[in-house]
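One structure is given here, and the rest of the page talks about it.
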Amino acid sequence: MKKQLFFLFILSSIILFSCNKTTEPETNPIRELTIIEKQIANSSNIFGLKLFKNVSEKEDGNIFISPLSFSFALGMTYNGSNGETKEAMKQTLEFPDLSDIEINQSYKSLIELFTTLDEKVAFNLANSIWYREDFSVESEFIELNKKYFNAEVSSLNFLSPIAKDVINKWCEEKTNGRIKEVIDKIPEYAVMYLINAIYFKGDWQSKFDKKYTKDQDFFKSDGKSYKVKMMMKSDSNFRYFSNEKFQAIDLPYSKGDYAMTVILPNNNVNLNNIIKELNQENLTLWLSNFKKRYGHLSMPKFKLEFKKSFKDILSDMGMGIAFSESLADFTRINKKGGLFISEVLHKSFLEINEEGTEAAAVTVVEIGYTSIGDEFRMTVNRPFLLLIRETKNNTILFLGKIVEPKSD
């Protein structure tokens, strides 16, 4: 039985930095990236592909992530790391042997480049830092992320019941309403959130005609099928590549500075086997072999959402020390220490239709704290004992056991 399995990426960073632009150059072509900028962009791809392969091994269903969003959120966090934690993050994020200033400057340049690349494509990349209002943050950490990541920085009363709503509202606004309710609750040990939000909406360079969209079978990996809305298009300018394992096609947006690449395993090839071969070297090779061909394309019209904690996956990839309450070193955020990454959440949205593609993602890095010096936190949210006393002789005036406090 024919398997119509496919996986896809919004390859904003990958396609942009390959030399295979899908249309003739515009009168105002984009500038060439510096060597350092190319290294950071390449690092984001290498890290993202490894991350994707790791999550794919653990997830059987749909997966959709933004490597760029992870890179920016963890890049801001990297500015607060120190010692062995910093080195572990640098290795995991595939940062080349560059100085912190060079890394930060490259992020700043990439923000400017992506957000001005194509006026006909909606692209928004935003960063923010939220910290507990009674928590002290090193000024240098704040200034670095403001300067190089354009981060919006705000103190917030994390004990307020609306605190999570304030953060979630920011995420929703920056993704044009597509990413909602990323944070379910703010735990009592949380002192900071570092967040990246990314939004993309682009029309196909050559749109699908809605009148040709029909119900057709889509075959799952177990051979079972179900009906999907299948879009169809014939074109003499498809950029296409095939080998003994898969077919691949490029679908450009607008003037071609962004494109989606779809890879379809052949009937006798398992999708997971293709994913195992997915690395920067192979991808670069595959993309370099795309040629213009006449052909016929059918692909589903669909919408999906994806949400997952990446704490365990990032730990397995080499960042375990950053999640350790006893070993993590984020003294460039607060010199007293005791900070660690308590959670990394990622939520994404994707819609593909005849007009084009809308995609969004939010990455949240939650910073928690252990006991910092003499600081403590006590939350009276369960049955408790109280007494009212005279303090000189400790004479008890009242004594009580409270199991169900009520305000009325």
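Bear in mind these aren't lab numbers, they're just calculated from the coordinates by the rules spelled out. The structure presented is a predicted model; accordingly, all values stated were derived computationally and were not measured. Virtual Cβ from ideal backbone geometry, glycine too; neighbours counted across all protein chains shown.
Quick notes
- Shown here for the stretch 78-171: GluC sites (Glu not before Pro) in loop regions (DSSP other than H, G, I, E, B) with at most 11 other Cβ atoms within 10 Å, namely 119.
- For the stretch 275-357, averaging the sequence separation of C-alpha pairs within contact (under 8 Å, six or more residues apart) and dividing by the residue count gives a relative contact order of 33 percent.
- Legend: ranking of residues 162, 179 from fewest to most surrounding C-beta atoms inside 10 Å; resulting order 162, 179.
- Relative contact order, whole percent, for the chain stands at 22, derived from Cα pairs under 8 Å and 6 or more residues apart.
- If R0 is 25 Å, the Cβ-Cβ spacing of residue 34 and residue 91 corresponds to a FRET efficiency of close to 0.60.
- Phi angles across the stretch 253-270 convert, under the Karplus curve 6.51 cos²θ - 1.76 cosθ + 1.60 with θ = phi - 60°, into 3J(HN,Hα) values of 9, 6, 8, x, 6, 10, 8, 10, 10, 10, 10, 10, x, 5, 3, 9, 10, 7 Hz, Gly and Pro given as x.
- Projected label points at residue 146 and residue 212, each 7 Å from Cα along the beta carbon direction, are separated by 5.3 nanometres.
- Modelled FRET efficiency - R0 22 Å, residue 288 with residue 112, Cβ distances, 0.05 increments: 0.20
- Relative contact order (%) - criterion: Cα under 8 Å, at least six apart; region: the stretch 219-263: 22 percent
- The candidate values were (1) 0.97; (2) 1.05; (3) 1.20; the one computed from these coordinates for Rg/Rh (Cα atoms, Kirkwood Rh) carries the label (2).
- Applying 1/(1 + (r/R0)^6) with R0 = 41 Å to the Cβ-Cβ distance of residue 336 and residue 120 gives a FRET efficiency near 0.25.
- Relative pair counts by distance (%), Cα atoms of the stretch 150-247, 10 Å bins: 11, 24, 21, 19, 20, 6
- Evaluated with a Cβ-only charge set (Lys, Arg +1; Asp, Glu -1), the chain carries a dipole of roughly 1260 debye about its Cα centre, given to the nearest 20.
- Of the GluC sites (Glu not before Pro) found in the stretch 30-78, those that fall in a DSSP loop while having at most 10 other beta-carbon atoms within 10 Å are 32.
- Cα centroids of the stretch 309-354 and the stretch 140-214: 16 Å apart.
- Separation of the residue 133 and residue 62 label points, Cα + 7 Å toward Cβ, nm: 4.0 nm
- Inter-centroid distance (Cα atoms) of the stretch 56-91 relative to the stretch 218-250, Å: 31 Å
- Spacing of the two label points (7 Å from each Cα toward its C-beta) at residue 393 and residue 222, in nm: 7.7 nm
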